[in-house]
1. Say a site is exposed when it is one of the trypsin sites (Lys or Arg not before Pro), sits in a DSSP loop, and has at most 13 other Cβ atoms within 10 Å; what is then the longest site-free stretch of chain A?
2. Any idea which of A:Ile13, A:Trp147, A:Ser172 is furthest toward the positive side of the dipole for chain A, if Lys and Arg beta-carbons carry +1 and Asp and Glu beta-carbons -1?
3. Which of A:Val103, B:Val187 comes first, and how do the rest follow, when ranked by fewest Cβ neighbours within 10 Å?
4. For helix B:48-68, what angle does its Cα long axis make with the longest principal axis of chain B, in degrees from 0 to 90 and rounded to 10?
5. Find me the longest stretch of chain B that has none of the exposed chymotrypsin sites (Phe, Trp or Tyr not before Pro), where exposed means in a DSSP loop (not H, G, I, E or B) with at most 12 other Cβ atoms within 10 Å.
6. Only Cα pairs within less than 10 Å get springs; with that Gaussian network setup on chain B, which residue of B:Leu69, B:Leu121, B:Leu15 has the largest fluctuation?
7. When you look at the Cβ of every residue in B:83-96, what mean number of other chain Cβ atoms sits within 10 Å?
8. ³J(HN,Hα) across the range A:83-96 via Karplus (A = 6.51, B = -1.76, C = 1.60, θ = phi - 60°), whole Hz, x for Gly/Pro?
Amino acid sequence: MNTKDGATAPMRIRTDLAICEQCDSVHQRGPLAAGEAADCRVCGATLYRRSRLDVDAMLALTLGALIVFVLANVAPIVTMQSGGITTRAWLLTIVVRAWDHGVGPVAAIAAGTVFLFPLAQLTLYLFVLRAVKRPTRSPGFVEAMHWLRWLRPWSMVEVFLIGILVSIIKMSSLARVTAEAGLWGFGVLTILLTALSTFELRELWDAHDD
Amino acid sequence: MTDDTAIPRGAPLGLIGCEACGLVVEHAAADASCPRCGHRLHARKPDSVTRSWAYLLAAFILYLPANLLPVLHSKKLFEEWSDTIMSGVVALWKDGAYDLAIIVFTASVVVPLLKMGALALLLVQVQRGSSYLPRERTRLYRILEFIGHWSMLDVFAVALLVALVHFGALGNAEPGAGVVAFGAVVVLTMLATMSFDPRLIWDAPRTPARRASDRPPT
């Protein structure tokens, strides 16, 4: 099989290069300062970046987000008062009522994209960031990173937040609807998750390699 | 603006960038896995055009029930009515809540339609081997990726309404089948977008002469 022109040359890792995932252009890697990003010169996609935050700041953010996550789910999101009856809604209420009313897929979407996936994301971040800080390679790091990559597009806390706000304003003409601590919780959680996602997973792969 | 034809591309050089972790591997065997993360290495996502079309067509089909079936049934004493997404927008507009009407209309009607239309355009142009405005088409793809999940907004709004309004003085709110179809459309378009491989946009032959013909003669 071995040909003269080296068609079956051995596989090599090229850490000096970066390939654009959107147009396949090959670029020479260079050092970046914190907060800088290298963009593809051909299509403009981000090749790699260095976050303004270091791993310790990320860990702090993750822990903070986990605490806020608990608060957002324990505290009610909204209270509605009409005709002397007060109704409160938690995220769990929304999931259970959707299920009870025969729209299981909606219950599954809400439970997954607002509760399970963000919780899994935060737990995995915690694990992965601690693994990066350790001098040796951690078992399970690779699997955790793959899960993080799959989960990322399916975490929809920010969409949920805006959906709830729209719904509150819609109902406000019919009844007294007030935002509760849970809604603020989801607001803060949105900000923290957005800050966390400025950290590219590829950066963590590289950090774990070093 | 740099001359982008001067920058080499990975595939002809036998270089593959791992889709999962970004590691660049040279001379990978046909069925090799990434030495860092174990993800299967391939120069392009396998069958991406077919898979993307399949998800997209499913989304197109479900877009009909999502808009024709009611998303919400409401009951109040002797009154009973059903709302589709469009009638909900119209009701908001008539109530004078123009800003909300615009938000819901954009997130639930315009964005899904534009998304499906834009992805269909990207797919057709890749299949025709078009080399027209690759940079702009790649940017369009990035926008599709970014706005993908925002259409789920109305599903959450309906879910909260259903959770709060029941057996009270306000009556009763029941979710309609339209909301399930709508959620499915959002998930399917997201899957269609993820299946598409933007690198295919750049695989059409691009020669400097071809690029010069993009501009009108002066």
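Every number here is computed from the coordinates shown, using simple stated rules; none is lab data. This structure is a prediction, so every number in the text was calculated from the model and none was measured. Here Cβ is always computed from backbone atoms with ideal geometry, including for glycine, and neighbour counts include all displayed protein chains.
1. Details: sites that count: A:Lys4, A:Arg52, A:Arg137.
Answer from the scan: A:53-136.
2. Comparing the listed Cα positions along the dipole, A:Ser172 ranks first.
3. Arranged by neighbour count, lowest to highest, A:Val103, B:Val187 become B:Val187, A:Val103.
4. Taking the Cα atoms of chain B, the angle to B:48-68 is about 20 degrees.
5. On the way: sites that count: B:Phe78, B:Tyr132, B:Phe167.
Between the exposed loop sites, the longest stretch runs B:1-77.
6. Among B:Leu69, B:Leu121, B:Leu15, the largest GNM mean-square fluctuation belongs to B:Leu15.
7. Across the residues of B:83-96, the mean count of other-chain Cβ atoms within 10 Å is 1.
8. x, x, 9, 9, 10, 10, 10, 9, 4, 4, 4, 4, 5, 5
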